[in-house]
Each structure stands twice: as structure tokens, then as C-alpha cells.
Amino acid sequence: MKSLGDRRRASMMIGARYYTLARHRDTLLKAAIAENLSKEGRFLDAGCGRKLMLAQIFKDRCRLAVGVDLEAMAESGPGATGVVSDIGALPLAAASFDVVAMRSVSEHLSDPVAAFREIARVLRPGGAAIVLCPNKWYYSSILGRMVPERMAPWALRTIFGKNVYDNFPTYYRANTRRALRGLSAAAGLTLERATPCEHPPDYLKLSPALYRLGVAWDRITSRWSPLQWLAVSYLFVLRKPGAR
């Protein structure tokens, strides 16, 4: 029987054949940000993590890039500023940003109404909030909610090995098209786009056979309209009314 490492590597090789960089959900996220952010614009990475990932990427493409997170951040360097804060109570001026982005953050919001209202407050008229998140009805999201919190670190280490990521409490209160329509309305924003995104079925990488089934499921649910509500993840673009 193949080792866990061999099975992970075999699954990753399958993924490399089916998932190109051009279709990767992070590529779509960056393209959506770039479409809405000018050289003189201001960018907020809400839930940036310790490394201010998106703020670092866009700091040279705009006037100001800011990252907000509950955890202390690493040194950001020139052009990107880190702020320790809850998204639901941002210490930032109203109408001060052209683009606010959240990557894999909305599932961790215990009070998404407060968070989206704050995002709307700091957006300039015509500005965009761009949200990339796993779908609440994706099978891994459902299974994840069934795993006891104390077991989650062990399960993630088993699946991902040395590439395991940090685990935080999840609520999935802002992770469906219906939820984003309601949150947009509550915050005074308009849901402009809801795009299902393909993503490698990494939670199945312990079994190459199951991984192949995950690839097929991903293709079907992201591309066939009647099943898109079951897609792996979504890219949402919300717009604040008014001229830019």
C-alpha cells in the first residue's frame, strides 16, 4: 500500500493536469481586483493574515494598500500597512477605499452583517467589495462542519502533511449566493457578480481515485448552471452605488 506522502503526490500530479493557472480562483480574484483598482486608488485587504498577502501583491499597483486582521502581522515593508482590527469595527475613515477584498475570510465571520456594513462604510461611491470564499454547500464545507473542533487540527495534518494551514472557527453565514444577496442589501451594496470557481479537491488528496472523482464533481458543479449552488467556491463582486 502506498504511503500517505505517495498518495498526496499522485493526487497533486492529477491536479496539475486539470487545473491551469489561468483558471485558478486566485487568478480570478486578482483579475477582479485589478479591474477595479487604479494606480491612484486605495486597496484594503480585509482578513489579510500575518503576511498581508493581497496587500503585498497590490502595493505597487495603487496609491495605498492596507491589510486588516485580528492577528499581529509581519513587517509589511514600504507601500503596505498592517492594522490589527476586527472587520466589524474598522478604525478607518469612511469612503476611503476603492476596493476591499476578502479571500477565504467570510466563512469566519460570526457577524457578517456588521462586517459588510463596515466594508460598505469604508468604500468610496462606485467602489467594489470582492469576496472569494468556499461555498457553504461544497461537500468539504459540509463535512468540515461535522468534524468536532478539537479534531480539526489532526484531520488537516493528516490530509495536508507539512503544508497544513491554520484552522480558525467557521460559521458559513456569508458563503452562498443567497446570503450575499441579503448581506449586500443590508449593507447598501449591489451584488454585481457571482462566479463559481473551480479548485483542486485537495481534501481528497489521500486517495487519487477519490481525487479524480472530486475533479469531475468540480467541473460539473462549476460549469452546469442547475448544480452551481453546489460549486466548490464563489467569487462575488459587490458595488457601492454612486459615481467613482
Cα→Cβ-extended label distance, 7 Å offset, between residue 93 and residue 210, nm
5.2 nm
Inter-label distance, nm, simple model (7 Å from Cα along the C-beta direction), residue 171/residue 60:
3.8 nm
For residue 138, what residues show an amide H to amide H distance below 5 Å, using hydrogens built from the backbone and excluding near sequence neighbours?
none
What number of lysine-lysine pairs in the chain show an alpha-carbon separation below 19 angstrom, given a sequence spacing of 8 or more or placement on distinct chains?
9
Between residue 219 and residue 9, take the C-beta separation as r, use R0 = 22 Å, and let me know the FRET efficiency to the nearest 0.05.
0.50
What three numbers, in Å, describe the spread of the alpha carbons of segment 4-239 along their principal axes, ordered from the longest?
51, 41, 34
When the helix-only estimate is applied to the chain (DSSP H runs of n ≥ 4, each -39,500 (n - 2.57), divided by the residue count), what is the mean residue ellipticity at 222 nm, nearest 500 deg cm²/dmol?
-11000 deg cm²/dmol
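Throughout, read-outs are computed from the coordinates displayed, never taken from laboratory work. Just so it is clear, the structure is predicted and the values come from calculations on it, not from any experiment. Cβ sites come from the backbone with ideal geometry, for glycine too, and all protein chains shown count toward neighbours.
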